[in-house]
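Working notes for the structure below.
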């Protein structure tokens, strides 16, 4: 936890905390439920049957959801893989753990918002106050980039390029993967106004764009503070447009923008890249695409309209090499 994971595996503090908490829960289970003490801790404490009991304990005694149990199991597997790489006699523990089936997850439908609802939401912050102007700039950049909230709050001044032909922002996503998001004139204008007011004429490149009032420029604004402000504005916007959910959170703005990109005819592969997804299927689920939409989106990847292609397997006149598209072997 202190050396190997931070230096060799991941750099995300959130993922590191998740690993730590999973191990804390497992060791706590061994101690309280299995009576394991330091003097009798051994490899067998991590065998498959005990891990399966632990997962059941998580669900029944701690009320963990199937999704949470799967995350905890993944973290424990990562530890056992490390253990096996350091001590070959323990490798069987990891192999056994990989055979534990994941809990069946209930797919949750992610709620987005219509374009009208987003417009209403962006109209409610009180621009006569400093906090209102900050909140508007924050909501606009979240919606404009469809970035994750932590990606937005991790932005520093040096990541912004606003005075160029094509203004853009550098997003550092999961696994330190970098992607560039271009900004439209409206977003650029609001962002410039915000920077001038909150960072002055010569902003510090190392300062967080959206910083905490308590810690100053070197401390980023917390997600808790952001969601508190979003719910406040959502409550006001709901009175005008019922489509705006009262319990709005930042991820719904990300989902809304992705859905609007899809509505505007953007290729699903482009959307996947802009969202920072590693797999296209993740984007399909995230956008709650129907089967018909999925087929239509995939059709943009290759030309499926040409029905005149001959059925090669019905052509038996040529030899196997010709059928397979390779040169015939010289006799």
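Of the residues in the stretch 159-196, how many are at negative phi and not in a loop (DSSP other than H, G, I, E, B)?
26
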Report task. Just need a number here: residues in the stretch 129-178 that are surrounded by fewer than 20 Cβ atoms within 10 Å (Cβ to Cβ), without any contact (Cβ under 8 Å) to a residue 60 or more places away in the chain and closer than 25 Å to residue 115 by Cβ. Result -> 5
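Considering only residues of the stretch 231-247 that are in contact with a helix residue (DSSP H, G or I) (Cβ under 7 Å, 6 or more places away or on another chain) and part of a loop (DSSP other than H, G, I, E, B), which is surrounded by the most Cβ atoms within 10 Å (Cβ to Cβ)?
The qualifying residue surrounded by the most Cβ atoms within 10 Å (Cβ to Cβ) is 244.
Can you pull out the residues in the stretch 196-220 that are crowded, with 16+ Cβ neighbours inside 10 Å and within 27 Å of the chain's Cα centre (by Cα)? Reasoning before the result, please.
In the first step, residues of the stretch 196-220 are kept if they are crowded, with 16+ Cβ neighbours inside 10 Å; the result is 198-199, 203, 207-211, 217, 220.
Within the stretch 196-220, 207, 208, 209, 210, 211, 217, 220 qualify.
Within the stretch 221-230, can one find any residue that is assigned to a helix (DSSP H, G or I), under 16 Å from the mean Cα position of the chain (by Cα) and touching a residue at least 12 places away in the same chain (Cβ under 8 Å)?
Residues of the stretch 221-230 assigned to a helix (DSSP H, G or I): 223-230.
After this cut, where a residue has to be under 16 Å from the mean Cα position of the chain (by Cα) as well, the list is 223.
Retained after the next criterion (residues that are touching a residue at least 12 places away in the same chain (Cβ under 8 Å)): 223.
Looking for residues that are assigned to a helix (DSSP H, G or I), under 16 Å from the mean Cα position of the chain (by Cα) and touching a residue at least 12 places away in the same chain (Cβ under 8 Å), one finds at least one in the stretch 221-230, hence yes.
Answer with yes or no whether residue 242 is within 25 Å of residue 172 (Cβ to Cβ) and in the same structural domain as residue 167 (by TED's automatic domain parsing). Can you show your working first?
On the way: within 25 Å of residue 172 (Cβ to Cβ): no; in the same structural domain as residue 167 (by TED's automatic domain parsing): yes.
Here the answer is no, as residue 242 does not meet what is asked.
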Report summary line: Those residues of the stretch 128-158 which are farther than 15 Å from residue 191 by Cβ and not in a helix (DSSP H, G or I) amount to 128, 129, 146, 148, 154
Query - Selection count, the stretch 179-208, where residues are within 20 Å of residue 148 (Cβ to Cβ), touching a strand residue (DSSP E or B) at 6+ places or on another chain (Cβ under 8 Å) and free of Cβ contacts under 8 Å to residues at least 60 places away in the same chain - result: 5
Report summary line: All-but-one check, residue 161 against (1) at pLDDT below 90; (2) in contact with a strand residue (DSSP E or B) (Cβ under 8 Å, 6 or more places away or on another chain), failing number (1)
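Give 48, 72, 37, 62 a once-over and let me know the one that is in contact with a helix residue (DSSP H, G or I) (Cβ under 7 Å, 6 or more places away or on another chain) and surrounded by fewer than 16 Cβ atoms within 10 Å (Cβ to Cβ). Break it down into steps so the answer makes sense when it comes.
On the way: 72 fails: surrounded by fewer than 16 Cβ atoms within 10 Å (Cβ to Cβ); 37 fails: in contact with a helix residue (DSSP H, G or I) (Cβ under 7 Å, 6 or more places away or on another chain); 62 fails: in contact with a helix residue (DSSP H, G or I) (Cβ under 7 Å, 6 or more places away or on another chain).
Unique residue meeting the criteria: 48.
Please tell me if residue 124 is surrounded by 16 or more Cβ atoms within 10 Å (Cβ to Cβ), within 24 Å of residue 226 (Cβ to Cβ) and over 26 Å from the mean Cα position of the chain (by Cα).
On the way: surrounded by 16 or more Cβ atoms within 10 Å (Cβ to Cβ): yes; within 24 Å of residue 226 (Cβ to Cβ): yes; over 26 Å from the mean Cα position of the chain (by Cα): yes.
Here the answer is yes, as residue 124 does meet what is asked.
The values are calculated or read from the model by the stated rules, or taken from the named source; none is laboratory data. Quick caveat: nothing in here was measured; it's all calculated off a predicted structure. FYI the Cβ positions are ideal-geometry reconstructions off the backbone, even for glycines, and counts take in every protein chain you see.
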